Amino acid sequence: MTITEAERFQMHEALSTAHGKEVAAIIMEHLPPTGWGDVARRSDVADLRVLTTKDLEMVRVALTSDMQALRTELTSDMQALRAELRGEMHMLGVELRGEMQELRAELRGDMQALRLELTSDMQELRTELRGEMQALGAELRGDMQALGAELRGDMQALRLELRTEMHMLFNKQLKWLIGVVISAQALGTGALLAGMKLL
């Protein structure tokens, strides 16, 4: 039976009166706090150990079974996920290949159009440059012809001027030579006359 604190106090007082406070305290310390019904015997502990061991074994078996089932379930889920991911990756690869093919075709078309546009621009530039070069060549030819005509005129004028100066110089030299001849003749005639006078 379970005793209350009041009953324990009365027992302590009775023991103190009968045997003294020290003996009463020793006796009370050896009594269980709530009664002998709550005190476990060795056989109780042994039975509890057996039951606990059996319970632990059952828990271990149950946990092992649960873990095996969980492993099997996770393996199945992982395989399903792997298959699903492979399918999605394959579909994504097919989709990306299609998009890359379309992009390649589009880029090829753009490059072809750009090539044609650049070829046309280069042809127009070539034609324009040829026209400008022809115009420049014609202009240079005209300038060279005008310069040639001007130089020919200058050379003709210079030739006439040189001829005139040479003619004038020739006339001066001829006049001088005639004067010299006349003077020599005069001198010769005078000397002759002087010689004759001496004779």
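FYI, it's all coordinate maths here, none of it is from the lab. Since the structure is predicted, the reported quantities are computational estimates derived from the model, not experimental observations. Backbone-built Cβ (ideal geometry, glycine too); neighbour counts: all protein chains shown.
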Self-check item: Net +/- balance of residues flanking G93 in space, Cβ distance below 14 Å, scoring K and R +1, D and E -1
Solution: -1
Quiz prompt | E106 versus A184: modelled label distance in nm, points set 7 Å from Cα along the beta carbon direction | solution = 11.1 nm
Quiz prompt | Expected 222 nm ellipticity per residue - DSSP helices of 4 or more, -39500 (n - 2.57), all of the chain, to 500 | solution = -34500 deg cm²/dmol
Practice problem: Using only the alpha carbons, work out the radius of gyration and Dmax of the chain in angstrom. | Solution: 73.3, 224
Exercise. Figure the gain on full extension for L147 and M67 (residue separation times 0.36 nm, minus the Cα-Cα span) and round it to one decimal in nm.
Key: 17.7 nm
Exercise. Considering only R49, R104, R71, give the residue with the highest GNM mean-square fluctuation for the chain, with springs between Cα atoms whenever their separation is below 10 Å.
Key: R49
